[in-house]
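Only one structure is covered here, and it is reproduced in the block below.
Please treat every number below as a calculation from the coordinates, not as lab data. Every value quoted in this text rests on a predicted model; they were computed, and no experiment measured them. Cβ placement follows ideal geometry from the backbone for every residue including glycine, while neighbour counts extend to all protein chains displayed.
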Amino acid sequence: MTDNDRPSIETVVAQQAERGITGHLVWMGRGAFVLAHTDEERASGRPLHECRVHRALAALDGYGGDVGYFRADVAGGRLELTVVAP
């Protein structure tokens, strides 16, 4: 899958639900990401782009890893990505 084949936000949210992931799920491409926020964040009414995970992803100066789905979190000020098996 390439950046041109990136999934819609609806697809990433559906993957999050199907996999039972309650945290952030992100599809990472080389030059783009699609982030499914937590249910709590979506329901809060706060701007989603202000969440710590969203800010950390947006601040990346490129991404050279594998394209695909990852659990995402920020711990100790660092973005942590954990591969989610297909």
With charges set only on the Cβ (+1 for Lys and Arg, -1 for Asp and Glu), what does the dipole of the chain come to about its Cα centre, in debye to the nearest 20? 140
Restricting attention to the alpha-carbon atoms of the chain, what are Rg (one decimal) and Dmax (integer), both in Å? 12.1, 33
